[in-house]
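Colleague: Quick one: structure below, then a few questions.
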Amino acid sequence: MTNSQSSHFIRTAALILSCHLLLGCAGDSPEAAQTFDTIIRGGTLYDGSGGPAYASDLGISGGKITAIGDLSDAVGRVEVDATGKAVSPGFINDCLGRYLSY
């Protein structure tokens, strides 16, 4: 084996070993908690589908609902406890229109 071949072999082996170690260790690290601007927790969700209401959490980021479901492991900058409350995202209160001037 020439010096050039030996050097190439060592670099290749080092690269393969590095990749193996990085990929192998990635599975051992704890998963980072999902983060939202706001989380509405434990409300009774009416999603407008016509189906029955169900208990759920909502994650909101950038002014949009980005997750619906069990977000118990997630973190919100603002967290709202909606236990015992109805949550109906995206619905518009048409009664309010009477009081607004356009």
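Colleague: Look through Asp28, Asp37 and report the one residue that is among the acidic types (Asp, Glu) and either within 19 Å of the chain's Cα centre (by Cα) or at pLDDT 90 or above (or both).
Modeller: Checking each option against the conditions leaves just Asp37.
Colleague: Could you list, in sequence order, all residues of region 55-72 that are assigned to a strand (DSSP E or B) and at negative phi?
Modeller: If we filter region 55-72 for residues that are assigned to a strand (DSSP E or B), which is where we start, we get 55-61, 64-69.
The answer is Ala55, Ser56, Asp57, Leu58, Gly59, Ile60, Ser61, Lys64, Ile65, Thr66, Ala67, Ile68.
The values are calculated or read from the model by the stated rules, or taken from the named source; none is laboratory data. In this text, all values refer to a predicted model and were calculated from it rather than measured experimentally.
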